[in-house]
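Accompanying notes for the structure given below.
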Amino acid sequence: MPDLVYAGQRVTADMLSYRAPYTVAFTPLAANTATTTTTEAVAITTPSITFKNGRAYRITLKCLAQSSVSGDTVTLRVRKTDTSGTAYLDQLRQYIAAAGANAPEHFSNIATNTTGSDVTAVLVATYQRASGTGNALIAASANNIAFVQVEDVGPAGDYSSAQAIS
């Protein structure tokens, strides 16, 4: 159920300004990352984000995965804080069909904060080669940006089985 203003309820400025869904953070990447092999590397780092208690968030990663060897697979994630933080978004393996070819990814997950207080954190998009022998990277340019987007999508209670933000 979406956020509502009930009959007889006073409408306040925050009710009008923060109607779900709305973007909380959008962090673009407009240039290729460095290459990596099996070491998980950070491609995108968001500014500090406050996940409000009782709210649900859609976390999205859009990018182009690439490897120097045909048949490799690349793992993409969005994690809390750094490469060892909680994974809020985990695309297990993106198959790379040809050496140097871009494999498009655009995926999202819903996560909720039901901790009892606001949680403030930086998110990072990461990448690594999951199988094969090549060098993996995230490809991006001014005309084809990669990005991490976080949107408030409403009350946490509307997403009872969503991943927990901690």
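The values are calculated or read from the model by the stated rules, or taken from the named source; none is laboratory data. On a predicted model such as this, the values are computed, not experimentally measured, just so you know. In this analysis, Cβ positions are derived from the backbone assuming ideal geometry, glycine residues included, and neighbour counts consider all displayed protein chains. When the accessible area is computed, the model is the full protein with side chains, heavy atoms only, and any ligands, DNA or RNA have been set aside. Shrake-Rupley method; radii C 1.70, N 1.55, O 1.52, S 1.80 Å.
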(request) Kindly report, to the nearest 10 Å², the accessible surface of Ser166 as traced by a 1.4 Å probe over protein heavy atoms only. (result) 70 Å²
(request) Restricting things to alpha carbons, tell me how big the chain is in terms of Rg and Dmax, in Å. (result) 17.8, 64
(message) Only four residue types carry charge here, +1 at the Cβ of Lys and Arg and -1 at the Cβ of Asp and Glu. Report the dipole size of segment 1-151 about the Cα centre in Debye, rounded to the nearest 20.
(response) 180 debye
(message) Roughly how far apart, in whole Å, are the Cα centres of segment 30-75 and segment 98-143?
(response) 2 Å
(request) Could you rank Thr60, Thr35 by how accessible they are, 1.4 Å probe, largest area first? (result) Thr35, Thr60
